[in-house]
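Engineer: First, the structure itself, so that you have it in front of you.
The values are calculated or read from the model by the stated rules, or taken from the named source; none is laboratory data. Fair warning: this is a prediction, and the values are worked out from it, not measured in the lab. Cβ placement follows ideal geometry from the backbone for every residue including glycine, while neighbour counts extend to all protein chains displayed. Ligands, DNA and RNA are excluded from the accessible area calculation, which covers all protein heavy atoms including side chains. Shrake-Rupley method; radii C 1.70, N 1.55, O 1.52, S 1.80 Å.
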Amino acid sequence: MATAHIEANDGDFAKTVLMPGDPLRAKYIAENFLDDAKCVTRVRNMFGYTGTYKGKPVSVMGSGMGVPSISIYATELYKDYSVESIIRIGSCGAVRDDIKVRDIIIGMAASTDSNVNRSRLNGYDFAATADFDLLHKVVKTAEKTGKKIRVGNIFTADLFYTPQAEMFALMEKYGILAVEMEAAGLYGVAAEYGKKALTVLTVSDHIKTGEQTTADERETTFKDMMELTLDSLL
């Protein structure tokens, strides 16, 4: 049954949904990585598709930008469409010298300046962490395929254009690998509904050096991340 933000019917989504931020990226993934992909929702142009990858049913849907947006879609997918696992696939900005542009980062945990998870835990800190089973499968797949990854803590920011530039040095001091805008929200929703979540990211820019990937390079780099994530589901 349709929800306020998703028009799909019961059974239209696979048990696992990959979530890039950009709905056009969801369309690209469906057309280039999935077989027999069918568009199952397009409310507000937030496209969602279901198809198969090497015979396994998989869905992909955009999340929009930021914790509030991904929280809406993740809640409805978990609660109303019986989705069991959501894997955020996206880009991030590196804050450490030993992290390079185009590296693949797995968000084992997500620190944040958002208050959404404190709201869930009556004002106390909530440790926003990934599902171990999903994390383990991606790590084992990377080892098997020879793909280099970094696993650790990331930072979910509410503001893309932060007025507190000094925060990046503090993040580096505490071992945070990179900054993005959705993971902590997704992990909180998954915990609330007893579901699974993971975040797999490609470094698209380096906050300290200013290095950035081009649009064409991101296509190629995202291919590595997508293959790693999809192969881990098999």
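Engineer: Using beta carbons and a limit of 8 Å, which pairs, at least six apart or on different chains, have the first residue in region 103-123 and in contact (Cβ under 8 Å) with a residue 60 or more places away in the chain and in a helix (DSSP H, G or I) and the second one β-branched (Val, Ile, Thr) and crowded, with 21+ Cβ neighbours inside 10 Å?
Structural biologist: So the pair list comes out as Val116/Val67.
Engineer: Could I ask something else about it? Quick check on my filter: what residues within region 46-56 are under 19 Å from the mean Cα position of the chain (by Cα) and either within 18 Å of Ile70 (Cα to Cα) or loosely packed, with under 12 Cβ neighbours inside 10 Å (or both)?
Structural biologist: Met46, Phe47, Gly48, Tyr49 - these are the residues of region 46-56 that are under 19 Å from the mean Cα position of the chain (by Cα) and either within 18 Å of Ile70 (Cα to Cα) or loosely packed, with under 12 Cβ neighbours inside 10 Å (or both).
Engineer: What is the one condition in (1) out of contact with any Leu (no Cβ under 8 Å at 6 or more places or on another chain); (2) open to solvent by less than 30 Å² (accessible area, probe 1.4 Å); (3) among the aliphatic types (A, V, I, L, M) that Ala37 does not satisfy?
Structural biologist: (2)
Engineer: With respect to Ser71, is the statement that it is part of a helix (DSSP H, G or I), under 21 Å from Glu180 (Cα atoms), open to solvent by 10 Å² or more (accessible area, probe 1.4 Å) and in contact (Cβ under 8 Å) with a residue 24 or more places away in the chain true?
Structural biologist: Taking the combined requirement at face value, the residue satisfies it.
Engineer: Does Leu134 satisfy the condition of being under 16 Å from Leu233 (Cβ atoms) and in a strand (DSSP E or B)? Outline the logic, then answer.
Structural biologist: Details: under 16 Å from Leu233 (Cβ atoms): yes; in a strand (DSSP E or B): no.
No: the conditions fail for Leu134.
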